[in-house]
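See structure below.
The values are calculated or read from the model by the stated rules, or taken from the named source; none is laboratory data. Computed from a predicted structure; not experimentally measured. Glycine also receives a Cβ, built like all others from the backbone with ideal geometry; neighbour counts cover every protein chain displayed.
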Amino acid sequence: MKAVQLADELGSFFVTIEGVEGAGKSTLARLLGEKLKHDGVQVVVTAEPGGDPVGEQIRQLLLNSSNTLTRKAELLLFEAARAQHVERVIKPALANGAVVICDRFTDSSLAYQGWGRGINISEVRMLNDYATGGLRPHLTILLDLPPERGLVRTRSTDRFSRECIEFHRAVREGYLSIAREEPERFLVVNADQPIEVVAAAALDAINSCRLGKESG
């Protein structure tokens, strides 16, 4: 857990946002970044897969609906993008004392490739740990939404949004299962609410966790 220890030592804070397609993750990440910056907090908002030129190229491979990928190839591409992202973007920002808000992180691989694709969860966890060097979020905000609602809301036509509804239901159940296993890390928010309500709950959780970490 060396990377998390580094973040704690420098007073930085790592937040991830998770959820099914169309849950509003990108919008929430942007709003939280704006609100924290307005309060004078140093913030870096980023997303997976992506974050730097290499990650963005991998993102195009992963999301292109004309590409047919095996389950293992898909997972390994996500982990390659994640390893690049952590080393080039996330860890430097944490080392600089910033609050990092990341749209998707390791829980996405557990939910999508583990629960959704059926890859052994322990194998996904092992690859997550290898790609991140053991980095863990201080707080994960799970935007919970029935996948039927999310797919109506999303404008995306990528490989994942075109998957069958059973896949998306398995992904949602995966997220909820992970949240039940780690309640101290997760804030589960009903995403079928006005974004202002969702953002207020998320911001309260961030401020509370940051205050608790500093006082601890």
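How about the stretch 102-153: which of its residues are under 10 Å from the mean Cα position of the chain (by Cα), hydroxyl-bearing (Ser, Thr, Tyr) and more than 12 Å from Leu75 (Cβ to Cβ)? Step through it out loud before you land on a result.
The first filter runs over the stretch 102-153 and keeps only residues under 10 Å from the mean Cα position of the chain (by Cα), leaving 102-109, 137, 140-142.
Narrowing the set further to residues that are hydroxyl-bearing (Ser, Thr, Tyr) leaves 106, 108-109, 140.
The one that is under 10 Å from the mean Cα position of the chain (by Cα), hydroxyl-bearing (Ser, Thr, Tyr) and more than 12 Å from Leu75 (Cβ to Cβ): Thr140.
Checking the structure you have, find out if any residue of the stretch 43-57 is under 25 Å from His168 (Cβ atoms) and in a helix (DSSP H, G or I).
Looking through the stretch 43-57, at least one residue is under 25 Å from His168 (Cβ atoms) and in a helix (DSSP H, G or I).
Checking Glu79 against (1) within 23 Å of Leu127 (Cα to Cα); (2) charged (D, E, K, R); (3) in contact with a helix residue (DSSP H, G or I) (Cβ under 9 Å, 6 or more places away or on another chain); (4) modelled with pLDDT under 95, which single condition isn't satisfied?
Unmet condition: (4).
Return a yes/no flag: does the stretch 28-41 have any residue that is crowded, with 22+ Cβ neighbours inside 10 Å and closer than 25 Å to Glu123 by Cα.
No, because not a single residue in the stretch 28-41 is crowded, with 22+ Cβ neighbours inside 10 Å and closer than 25 Å to Glu123 by Cα.
Given the criterion under 27 Å from Gly55 (Cα atoms), in contact (Cβ under 8 Å) with a residue 60 or more places away in the chain, buried (at least 17 other Cβ atoms within 10 Å of the Cβ) and over 17 Å from the mean Cα position of the chain (by Cα), identify the matching residue among Arg210, Arg159. Don't jump to the end; show me each part of the working.
On the way: Arg210 fails: under 27 Å from Gly55 (Cα atoms).
It is Arg159.
Condition first: more than 27 Å from Ile195 (Cα to Cα), at pLDDT below 95 and surrounded by fewer than 21 Cβ atoms within 10 Å (Cβ to Cβ). Can you find one or more residues in the stretch 134-146 that meet it?
yes
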